[in-house]
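The structure appears below as structure tokens.
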């Protein structure tokens, strides 16, 4: 086991080098740079050259790559062109805001999806199952910004159940519990919508996984032994229905930190998603590359975790 | 080693001849008997007919705008109303379906084909193949899609690829970028399946690898593939509209269900003019539901563990 | 996959803010100018927003029923809340990159001069400014009572320090300070000199600046915002502005408000600066709160914000009018949309073709479809509110397909057997790239395709990322594209001169080049007006690009606040300290 983990960690090094090279090449291929993206109508060619020299964009790409990698190894992701501060600082300013809602909504979606999926499978083709299925597809048929707007319109504007947007009440000058309470209140709506959006597909996976397992012989045996239904379901069946879920769990890790670009925008949530998007639009390469590498590391770790968990969920899978 | 292997194959062939019905026939019979699945198939066929034949009967054309008649509610001349440029929503909805249905289904098919094959190979062979495929998958997951797409859009523009043909590239791109999660899902299933008793049986029978994979392991992963595919169709339909901005998708005024919904991007349209976004949204819903019903039917039909009903 | 890919949707929304950023240029306004701006055509709010009366007004739409004001707003008696796109935290007038950061700078800092509603300037930090006969020496006399918010006086040394930061080799802000031609700035930038001889500190309150070459915009260029040296200069060394940038989030300046808190992506908090020489602001607290296009009207409606910049459309105006308590300032945007053409391409090198393409495009219909009455077709690349704007002898190019066809015939493009025009065996087929994130293209593409087909021209359209289009334009690998320009208050620009850095159309007319150079050198406003009128006449005739529209912006303001003085040039920030709150 530990040997497996060590080997996988070592494999990460060439993978990350590969990713860094590809990502850097892409950044070179993408049309335009920060200077052209600012679209300053009075920018003279001389000034543009000066700026490129200040940002090191005038150096040959290979040299730029090695400077970037060298800095990265010392924990320095460079300075964001747009924000005029270190990339690590930009990321740490916004990423936790994204993490908070992503984490809570993931937690909720997993719990809800597990229960709904299991019941949906147990009572396949019942009214409950059909309704759930229909709801899931309804949520998938509309783009997320649309569902966000819908929620704002009915829940925040008409029913006044939630604040319209933002993370705190404007001018709130509170600390401690009052602050946490205020943030929690503002979180409710984005978290609800995020959950609604992600719970659907998870439910489908859980339902299918359960359906498969329920039909297996050992479940029939368990039932035949006269075990209680929920013992059968949760003790014997559920564990075996987890494999797809574990895979998805591993894929979820980077999204916890990646930010929900569209919904952050809709709910005015100060997350990293919008910041990352702006860095692409403005060709703010240090920020774009830095954040991509940050997510890449998380992706690799997430997949490693899910590979390890396979073995835990199903001991028949030998980790090699 | 050669001899016994051939003999078992021959034995199997003989067994097949003895059978009255092939498994495919059984599956078809089961499928045809599944009411919901048949309904799903019917809806999907009707949807295709509506989108591909319907526009021929419309009195309006794609390029036609009618500014004075903008934002009309549904009425006798415009059954589903008009949009902000006075264009007939019904016609646009049908034309949009051509794009969206094709993109949704083709892109998903590509993603499924790649994902299932690579996932199965990785899970079955493990060792080097697994490491290689999964590390490639890691790289795919880690790459930022937006800059890649911007670059591809610019390259297609540089190559002067006709904008109306870029939709094919779009399907390919959505497919190629979408295989990773399915590959990981299939792989995880195969990892556990290959350790089960029936695989020891195939081992004992001395079956060839591709037979083991495609005849014995893959059918067991069909449920997960179906879920992934149905979710994928909806995703691809919505993704298409986003990619249009980068010179990869359809060019306005060509409609797609995704870009028709996006046109209603504010609270005012949302409240005052539901006819702008309900038709395309409804179409996506119907399509996805229909595909899912078919998928469920297929799953049940192909499931070897199900008793013939 | 879905999550990661669908982020593209946001490009549309995000781009709005970037375009807005271009408008945030602090440069360049004429030293003196007459007023011919169109403000405040008062409009009865009962009238429908779509009627002709409002159409040309481009002014204020009053609030009608203040009793509908929600308690959230009326109970907030000591605070103004302004909604806007999130600033990036670069609260330094030298380094900011977005218009929203600049909104912060405009209330925290003050400059030698400030803009007036008509786009001209008045003295602010400077009590008076003397200009030498040869226009090369500018002497600023700083107000005696001018203080920074920490109570220290604003001195000539602070001005010198700020200029040094501008001239520093590592300065990477949006301005191009070396182009101001201050004597000795080049040497300071290169590090060969540690002083700038062109800036002489005469005494505490007097500073004299000498330039080697002047232009009409030299004075506004030199009238910079002043940073306190004691605060920003502590660790500054020539050749490294890092220590100055490190204070971006904690600015100290001499403006009406001082910044008391900044939560990235959420809000910026201000308190009145009691040391402000213009008088302590009437409202003690000010908050800039982050809103987005999706919800800014909802926030106004609920009373959570007092002011926001709302996209102008018939729907939105009607919606806000329905609220009753919202006053709207509809202002022409300083910028215009255009269809660029490669003037060197064999397709467009003949000006008759360019004229034909303008005649043959129903621009009014495009504008009407997207903006209704809230945008205008333009025929010259200048804002209708600029002093340089002219309609005299300007051809309006009304939609006239017959005229267009005639011009094409004259240019040698004759109809082929398939209805597509040909010349020298080459079909008239245009590859057209459009930035997909502009709402105008929804209407532009179908109308343009149809219009041009009628002329016998085939239009092949693609939608592309903005930077990708610009890359093609820079590489001269393009035929036709759609984009928009921001405009500075001064008509001087590099867009239509042959060697101009922004000459996106590959346009060259020696006469225009000569006139533009003259205009930049001329300080007399009336003479400048005449020069630019000639320029615009030539551009209108040559049509280097198809000028399309000028749209409007809107400040929607809760009616409880009175006394605004807002124009396209003078943003709401300049009124924040003087507006009064209606007693409830």
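The values are calculated or read from the model by the stated rules, or taken from the named source; none is laboratory data. Being a predicted model, the structure only gives us computed values, none of them experimental. Cβ sites come from the backbone with ideal geometry, for glycine too, and all protein chains shown count toward neighbours.
Residues that are touching a strand residue (DSSP E or B) at 6+ places or on another chain (Cβ under 7 Å) and within 30 Å of residue A:145 (Cβ to Cβ): does the range A:248-269 have at least one? Yes, there is a match, as at least one residue in the range A:248-269 is touching a strand residue (DSSP E or B) at 6+ places or on another chain (Cβ under 7 Å) and within 30 Å of residue A:145 (Cβ to Cβ).
Taking the range A:246-274 as the range and being touching a helix residue (DSSP H, G or I) at 6+ places or on another chain (Cβ under 6 Å), at the interface with another protein chain (Cβ under 7 Å from one of its Cβ atoms) and in a loop (DSSP other than H, G, I, E, B) as the test, only A:270 passes. Residues that are touching a strand residue (DSSP E or B) at 6+ places or on another chain (Cβ under 6 Å) and surrounded by fewer than 24 Cβ atoms within 10 Å (Cβ to Cβ) within the range C:462-479 comprise just one, C:479. Of all the residues in the range A:56-83, those that are exposed (fewer than 14 other Cβ atoms within 10 Å of the Cβ) and either touching a helix residue (DSSP H, G or I) at 6+ places or on another chain (Cβ under 6 Å) or outside any loop (DSSP other than H, G, I, E, B) (or both) number 8.
Of note, residue B:279 satisfies the criterion of being closer than 29 Å to residue B:174 by Cα, away from every other protein chain (no Cβ under 11 Å) and either modelled with pLDDT of 85 or more or not in a helix (DSSP H, G or I) (or both). Per the listing C:305, C:291, the residue uniquely at the interface with another protein chain (Cβ under 7 Å from one of its Cβ atoms) and surrounded by 24 or more Cβ atoms within 10 Å (Cβ to Cβ) is C:291. In the range A:280-292, the residue that is nearest to residue B:134 (Cα to Cα) out of those that are within 7 Å of chain C (Cβ to nearest Cβ) and outside any helix (DSSP H, G or I) is A:283.
If we keep just the residues of the range C:263-284 that are touching a residue at least 24 places away in the same chain (Cβ under 8 Å) and within 7 Å of chain A (Cβ to nearest Cβ), which is surrounded by the most Cβ atoms within 10 Å (Cβ to Cβ)? So the residue we want is C:265. Total residues in the range B:27-68 satisfying the condition of being out of contact with any helix residue (DSSP H, G or I) (no Cβ under 7 Å at 6 or more places or on another chain) and either surrounded by 16 or more Cβ atoms within 10 Å (Cβ to Cβ) or part of a loop (DSSP other than H, G, I, E, B) (or both): the figure is 4.
Within the range A:229-245, the set of residues being at the interface with another protein chain (Cβ under 7 Å from one of its Cβ atoms) and without any contact (Cβ under 8 Å) to a residue 40 or more places away in the chain comprises just one member, A:244.
Here's the yes/no breakdown for (1) under 22 Å from residue A:30 (Cβ atoms); (2) touching a helix residue (DSSP H, G or I) at 6+ places or on another chain (Cβ under 8 Å); (3) part of a strand (DSSP E or B); (4) outside the structural domain of residue C:371 (by TED's automatic domain parsing):
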| residue | (1), (2), (3), (4) |
| --- | --- |
| C:433 | yes, yes, yes, no |
| C:447 | no, yes, no, no |
| C:453 | no, no, no, no |
| C:461 | no, yes, yes, no |
| C:469 | yes, no, no, no |
| C:481 | yes, yes, yes, no |
| C:484 | yes, yes, yes, no |
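Hand me the list of helices (runs of 4 or more DSSP H) wholly inside the range C:210-303 holding 1 or more residues that are closer than 30 Å to residue C:554 by Cα.
Numbers: elements: C:218-222, C:229-232, C:242-245, C:296-302.
Output list reads C:218-222, C:296-302.
Screening residue B:183 with (1) within 14 Å of chain A (Cβ to nearest Cβ); (2) more than 20 Å from the chain's Cα centre (by Cα); (3) in a helix (DSSP H, G or I) gives one miss only, at (2).
Between A:304, A:309, A:295, A:277, the distinction of being within 8 Å of another protein chain (Cβ to nearest Cβ) and in contact (Cβ under 8 Å) with a residue 24 or more places away in the chain belongs to A:295 only. For the range C:407-452, which residues satisfy the criterion of being within 14 Å of chain B (Cβ to nearest Cβ) and more than 30 Å from residue A:281 (Cβ to Cβ)? C:429, C:450, C:451, C:452, listed by residue number. Taken over the range C:136-177, the criterion of being crowded, with 18+ Cβ neighbours inside 10 Å and in contact with a helix residue (DSSP H, G or I) (Cβ under 6 Å, 6 or more places away or on another chain) is satisfied by C:138, C:158, C:161, C:165, C:166, C:167, C:172, C:176, C:177. Residues that are within 12 Å of another protein chain (Cβ to nearest Cβ) and out of contact with any strand residue (DSSP E or B) (no Cβ under 8 Å at 6 or more places or on another chain) within the range B:65-88 comprise B:65, B:67, B:68, B:83, B:84, B:85, B:86, B:87, listed in sequence order. Scanning the range A:214-228 turns up at least one residue that is under 22 Å from residue B:300 (Cα atoms) and touching a residue at least 40 places away in the same chain (Cβ under 8 Å). Return the total of residues in the range C:488-519 being in contact (Cβ under 8 Å) with a residue 60 or more places away in the chain and surrounded by fewer than 18 Cβ atoms within 10 Å (Cβ to Cβ). Qualifying residue count, the range C:488-519: 1.
Can residue A:50 be described as within 11 Å of chain C (Cβ to nearest Cβ), touching a helix residue (DSSP H, G or I) at 6+ places or on another chain (Cβ under 9 Å) and in a helix (DSSP H, G or I)?
Numbers: within 11 Å of chain C (Cβ to nearest Cβ): yes; touching a helix residue (DSSP H, G or I) at 6+ places or on another chain (Cβ under 9 Å): yes; in a helix (DSSP H, G or I): yes.
So residue A:50 passes the test.
On inspection, residue B:251 passes the criterion of being touching a residue at least 24 places away in the same chain (Cβ under 8 Å), surrounded by 21 or more Cβ atoms within 10 Å (Cβ to Cβ) and touching a strand residue (DSSP E or B) at 6+ places or on another chain (Cβ under 6 Å).
Filter the range B:149-160 down to residues that are touching a residue at least 12 places away in the same chain (Cβ under 8 Å) and facing chain A (nearest Cβ under 7 Å) and give me whichever is farthest from residue B:120 (Cα to Cα). Give the derivation first.
Narrowing the range B:149-160 to residues touching a residue at least 12 places away in the same chain (Cβ under 8 Å): B:149-150, B:152-154, B:156-157.
Adding the requirement that they be facing chain A (nearest Cβ under 7 Å) leaves B:150, B:154.
Details: B:150: 32, B:154: 35 Å.
It comes out as B:154.
Here residue B:262 fulfils each of the conditions (1) closer than 23 Å to residue B:97 by Cβ; (2) crowded, with 22+ Cβ neighbours inside 10 Å; (3) under 25 Å from the mean Cα position of the chain (by Cα) apart from (2).
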